[in-house]
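Read-outs: derived from the displayed coordinates by stated rules, not from any lab. Here the structure is a predicted model, which is why all the values come from computation and not from measurement. Positions of Cβ are backbone-derived with ideal geometry, glycine not excepted, and every protein chain shown enters the neighbour counts.
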Amino acid sequence: MDTADRLELATRHTLEVIEEEELEALFDEGTPSAYIGYAPTGEMHIGHYTTMRKLADFIEAGIDVTVLIADLHAHLDDEKSPFDLLDARSEYYRVAIEGMIEAAGADPDEISFVRGTDFQLDEEYTLEMYRMAAETTLARTQRAGSRVVRESESPNLGGLIYPLMQTLDVKALDADIAYGGDDQRGIYMLSRETLPDHGHDAPVCIFAPLLSGLTGEEMSASKEDTKVNLNDSHDAVVEKIEDAYCPMGEREDNGVLEYLEYLVFPVLEEHGESFVVERPDEYGGNLVYDEFEELEADFLSEELHPADLKPAAGEYVSDVIGPIRERLDARPELLAEAYPEKYDQ
RNA sequence: CCGCCCUUAGCUCAGACUGGUAGAGCAGUCGACUGUAGAUCGACUUGCCCCCCGUUCAAAUCGGGGAGGGCGGACCA
């Protein structure tokens, strides 16, 4: 595969690449490494899946991929995860992530899993963190993490250590590429500024779009109705999509369309399948789409009505998470131990 | 170590001075209207009032103690 093809694969369906020329240079040199980190806090949802799907492209493009399960970060960010649940949540995340990677059409064995505490307590790492803390202002650090770390009237120090550690993770994992959702932008811009002073190249940054929530607002981990969980039952998925904000002919803040664009169609494309909308004859009969752009055009022209789209979308979204749901359902103890307050019986 | 302030519905808070076992907004649920959802109307729900002890016929409210959180002082003089 030549550099142009690898570039196309690695960057398709992404929001932003900083900088594309640097990525091109990495491909010319050989096999770059990329990493994405997830802090094991709340339950994994469909938004995680969209970033995960990209990893399959990375592997195919000849990139070494590492997934970091950032357990310390999960606690540093306002104690979102209690310290004594870090083991359980890390394990749940690993299994869920493997499921997503497999469902996305890649082999989980081709991805390296690393846990934060495996290396973030090393003397070298720690010492460098103190040095970085000494050279970075409060305001700069706060700004870097503002979209990731929980906002509060009385923020804890942990939220400021968070961006510094994430920056050091890039170096510790020797990553050429830092990949993540667009919310990570602030932190990785800090990394690009800081790392060259700490003996590591500024990482190429690739950002995935963040999906809108189903209620028209931002997707929120704490608001059930704004997102589809990976272990939601088929009926729960269909119902959430049915209840979703979806104005006819509009794509702004339209989570349903975004789910289809970034999740359903890429998977259908992988399997060579079409998207079928069952529509009563009264409204014109069934519709078949092979590309999202066709569906989008019909939706925008109001040829495709939300009331016909939603039931179909619900079915396909449920199918997409099906394999992951099966994995999680097969091991109920994972969720029970990771979220005892919710799954205790 | 000292002083002051805060803690009431899922969230933001009112009520406390002048005791009579709780309210608003938002959120949520359900209807109406739309061939979906939203918006808009209409209805409804929600509580260890941080904990313990005391005063009282009666305590979210008064007194004492404690916990958690915030702010300031103390060192630099």
Task: Distance violations [Cα-Cα > 29 Å] among A:K171/A:K342; A:K171/A:K227; A:K171/A:K240; A:K54/A:K223 - done: A:K171/A:K342; A:K171/A:K227; A:K171/A:K240
Open item on the list: Suppose each label sits 7 Å from its Cα in the direction of the beta carbon; what would the A:E242-A:E29 distance come out to in nanometres?
Closed with: 5.4 nm
- [ ] Go through A:N286, A:H13, A:A312 and say which Cα lies farthest out towards the positive end of the charge dipole of chain A; charges sit on Cβ, +1 for Lys and Arg, -1 for Asp and Glu.
- [x] A:H13
Open item on the list: Rounded to the nearest 5, what % of DSSP beta bridges with both residues in chain A are antiparallel?
Closed with: 30 percent
- [ ] Arrange the peptides A:327-333, A:278-284, A:224-230 so that the one whose residues have, on average, the most other Cβ atoms within 10 Å appears first.
- [x] A:224-230, A:327-333, A:278-284
TODO: Scan around A:E19 for amide H atoms under 5 Å from its own, H built in the peptide plane at 1.01 Å from N, and keep only partners 5 or more places away or cross-chain.
DONE: A:C205
Open item on the list: I need two numbers for the range A:241-317: Rg to one decimal and Dmax as a whole number, Cα atoms only, in Å.
Closed with: 11.4, 33
- [ ] Compute the separation of the alpha-carbon centres of the range A:269-298 and the range A:42-59 and state it in Å as a whole number.
- [x] 25 Å
Task: Under 9 Å, Cβ to Cβ, from A:G186 - net charge with Lys/Arg +1 and Asp/Glu -1 - done: +2
Task: Simple Cβ-charge dipole of the range A:3-208, Lys/Arg +1 and Asp/Glu -1, about Cα centre, in debye nearest 20 - done: 740 debye
- [ ] Please list A:91-99, A:124-132 highest first by mean number of surrounding beta-carbon atoms within 10 Å per residue.
- [x] A:91-99, A:124-132
TODO: Measure nothing fancy, just the Cα-based angle from helix A:158-172's long axis to the longest principal axis of chain A, in degrees from 0 to 90, nearest 10.
DONE: 90 degrees
- [ ] Apply 1/(1 + (r/R0)^6) to the Cβ-Cβ distance of A:E291 and A:D183, taking R0 = 35 Å, and write down the FRET efficiency to the nearest 0.05.
- [x] 0.80
